[in-house]
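Input: a single structure, listed below in structure tokens.
The values are calculated or read from the model by the stated rules, or taken from the named source; none is laboratory data. Quick caveat: nothing in here was measured; it's all calculated off a predicted structure. Reconstructed Cβ throughout: ideal geometry from the backbone, glycine too, with neighbour counts over all protein chains shown. Heavy atoms of the whole protein, side chains included, go into the accessibility calculation; ligands, DNA and RNA do not. Shrake-Rupley method; radii C 1.70, N 1.55, O 1.52, S 1.80 Å.
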Amino acid sequence: MAKKYYNTHTPYYGGGPVTVIGNGLMAKSVPVFAEVDDETGEVKLFIRHQDLPRLGEICPLSDAEVY
């Protein structure tokens with residue numbers, strides 16, 4: 001299984017990086033990366049482990065929040 005890793009970019013506003021930001025007061029945005037499986041075409045988005053502290057508070061979404 002050959003996997004490749006990519007930076008993500010938005011198609012709008014000059015193609016800036018895709019980022020997420022936590023809910024905490026001191027949370028900062030962190031970049032999102034993509035892992036692509038060459039054989040299946042499966043794509044997984046992730047953030048680096050070292051960036052977790054920058055997110056501050058993170059919590060799972062409820063079923064009602066997922067759309």
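Look at the range 30-67 and say how many of its residues are open to solvent by 70 Å² or more (accessible area, probe 1.4 Å), in a strand (DSSP E or B) and either at pLDDT below 85 or not hydrophobic (A, V, I, L, M, F, W, C) (or both).
Residues of the range 30-67 that are open to solvent by 70 Å² or more (accessible area, probe 1.4 Å), as a first pass: 38-40, 42-46, 48-50, 53-54, 57-61, 63-67.
Those left that are additionally in a strand (DSSP E or B): 43-46.
Checking which are either at pLDDT below 85 or not hydrophobic (A, V, I, L, M, F, W, C) (or both) leaves us with 44.
Going through the range 30-67 one residue at a time, the tally reaches 1.
Table: residues versus (1) β-branched (Val, Ile, Thr); (2) touching a helix residue (DSSP H, G or I) at 6+ places or on another chain (Cβ under 8 Å); (3) within 20 Å of THR10 (Cα to Cα).
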| position | (1), (2), (3) |
| --- | --- |
| VAL30 | yes, yes, yes |
| PHE33 | no, no, yes |
| ASP37 | no, no, no |
| THR40 | yes, no, no |
| ILE47 | yes, yes, yes |
| ARG54 | no, no, no |
| CYS59 | no, no, no |
| VAL66 | yes, no, no |
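Could you check how many residues of the range 10-29 are surrounded by 14 or more Cβ atoms within 10 Å (Cβ to Cβ) and either more than 22 Å from ILE58 (Cβ to Cβ) or among the small types (Gly, Ala, Ser) (or both)?
Counting residues in the range 10-29 that are surrounded by 14 or more Cβ atoms within 10 Å (Cβ to Cβ) and either more than 22 Å from ILE58 (Cβ to Cβ) or among the small types (Gly, Ala, Ser) (or both) gives 3.
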